Amino acid sequence: MADMTVVVIDGQGGGIGAHIIEKMRKNLPEALLEKIDIIAIGTNAIATSSMMKAGANKAATGENSIVHVCRSADMIIGSWAILIPNSMLGELTPVMAEAVATSKARKFLVPLPQQGIELIGVMPEPFPHLIDKLIDRLKGML
C-alpha cells in the first residue's frame, strides 16, 4: 500500500502528463516510487491512455474522477491550466478547476502558455527544463 497519492491531471493528448510521469519513473529513486501511488486523471480517454502508457499506477477519466480523486490526493501535478475553468480548449470544466483549487493537496503546477493569460514574473523556459525543475522539487518534497 502506498504512503502517498500523487495525482497527475492532463487533457487534450495527455503529452504533458505523460512526460511528467515518464520523468518521475526515470528520475525518482525506486524506494520512493514504491511508496507513492501515481494516479493519472485525464479530461478525455486519449489523455488518460497516454499517461497510463507512461507508467501511472492507476488511471481514470473525466469530471467526476477529478472531483473524487482530488479529495484524497496528497499531491496534484499538472500545468497551471488545471486551475482555469474552460482551459484546454474547454475540456477542463469549471467543476474540475474548482476541485483542483479547493483540494487540500499540495499542488505542483507547470506554467505553460494559456491563451489570453500571462503570468508576470515567471520567466518562459522550455518545457523539458520545467519538468526537470518539477522532478527536482518532488525529490525534495518526498
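FYI, it's all coordinate maths here, none of it is from the lab. Please read these numbers as outputs of a predicted model, since none were measured by experiment. Cβ coordinates were reconstructed from backbone atoms using ideal geometry, including for glycine residues, and neighbour counts include every protein chain displayed.
With R₀ fixed at 22 Å, the C-beta to C-beta distance from M123 to K26 puts the FRET efficiency at about 0.30.
Note on the range 18-133: Cα Rg divided by 2.2 N^0.38 Å, N the number of residues, gives 1.05.
In this simple spin-label model, placing a label point 7 Å from the Cα along the Cα-to-Cβ direction at both D3 and K133 gives a separation of 2.8 nm. How far apart, in nanometres, would the label points at V95 and N57 be if each is projected 7 angstrom from Cα along the Cα-to-Cβ direction? Once both label points are built, they end up 2.7 nm from each other. Every pair of different Cα atoms in the range 1-65 enters the Kirkwood calculation, which places the hydrodynamic radius at 11.4 Å.
Mind checking which of A60, I20, I39 is farthest towards the positive end of the range 1-68's charge dipole, using Cβ charges of +1 (Lys, Arg) and -1 (Asp, Glu) about the Cα centre? It is I20, whose Cα lies furthest towards the positive end. Out of all DSSP beta bridges in the chain, what portion is antiparallel? Express it as a percent rounded to 5. Antiparallel: roughly 5 percent of the beta bridges in the chain. Counting only DSSP H runs of at least 4 residues, each contributing -39500 (n - 2.57), and dividing by the residue count of the chain, the helix-based mean residue ellipticity at 222 nm comes to -12500 deg cm²/dmol. Using the empirical formula 2.2 N^0.38 Å as the baseline, the Cα radius of gyration of the range 103-142 reaches a ratio of 1.33.
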